[in-house]
1. With r defined as the distance between the Cβ atoms of residue 34 and residue 113 and R0 fixed at 22 Å, what FRET efficiency is calculated, to the nearest 0.05?
2. Work out, in µm²/s and without decimals, the Stokes-Einstein translational diffusion coefficient of the chain at 25 °C, 0.890 mPa s, Rh from Kirkwood over C-alpha pairs.
3. Angle check, please: helix 217-232 long axis (alpha carbons) against the longest principal axis of the chain (alpha carbons), in degrees 0 to 90, nearest 10.
4. In a GNM of the chain with a 10 Å cut-off on Cα contacts, which of 138, 199, 50 has the highest mean-square fluctuation?
5. Length gain on complete extension for the stretch residue 92 to residue 123, per 0.36 nm per residue less the alpha carbon to alpha carbon distance?
6. For a footprinting-style exposure proxy, rank 146, 51, 77 by other Cβ within 10 Å, fewest first.
7. Pick from 156, 217, 194 the residue whose mean-square fluctuation is largest in a GNM of the chain, springs joining Cα atoms under 10 Å.
8. Measure nothing fancy, just the Cα-based angle from helix 2-22's long axis to the longest principal axis of the chain, in degrees from 0 to 90, nearest 10.
């Protein structure tokens, strides 16, 4: 009986130890390492610190209405060739009294997944009045406004606009404030220090098509200045979005990355 009791006690001790290990809180276990950016990705600021950055998806002022997954810092990250091309464009524009302003650059796949979940939640219409007033949310996939993959995740696509210098400050967005349609006249929609492009950024409407004939002459001239300048340095416009450009040839044409938008993702590089 003594040997049996000792054995049972040893077994109970082993089981208790195993239970204690499996019961450790998640914070006590080693978290999986976050993916890092490839070596040819850089912070745009390190290539051209004069380009204005207003990274919308790290704020709640976007069509989702909250900070988007994967955006840890308001930082524009791009492949080196794309960043170099923007620097060349900025050099030209500064001589004309303008600056580029980026809204979004590299976008992790987890952010795209967040967009998809939001689009599938038909009850969430919080930002409709500004970003998609005339589009039924059930149409976002069919009409191409939301997709399961984005060229931004390949690292050479950027959303941007022009700002007349000297740049004026942009009034911050406060969640819950009244919203105006993104295609309203410039003095009625959300204030942005960019030149008038005819719509705001991320406006889900055909008026956002770069060459839409309904925009005014000044708005068309602003769009063409942006388009012509960027295309001269190797960035190609998406015809459905005046703000969307991709550097060609892309260094990673078939890879969709998922490292977070943060300085840590650049592994010590600036």
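Coordinate-derived values only; no laboratory data. Just so it is clear, the model here is predicted, and its values are computed rather than measured. Cβ coordinates were reconstructed from backbone atoms using ideal geometry, including for glycine residues, and neighbour counts include every protein chain displayed.
1. Efficiency at R0 = 22 Å is approximately 0.90.
2. Stokes-Einstein gives a translational diffusion coefficient of 119 µm²/s.
3. It is inclined by approximately 60 degrees.
4. Most flexible of the set in this elastic network: 138.
5. The span from residue 92 to residue 123 would gain 6.6 nm if fully extended.
6. Ranked by crowding around the Cβ, least crowded first: 146, 51, 77.
7. 217
8. 10 degrees
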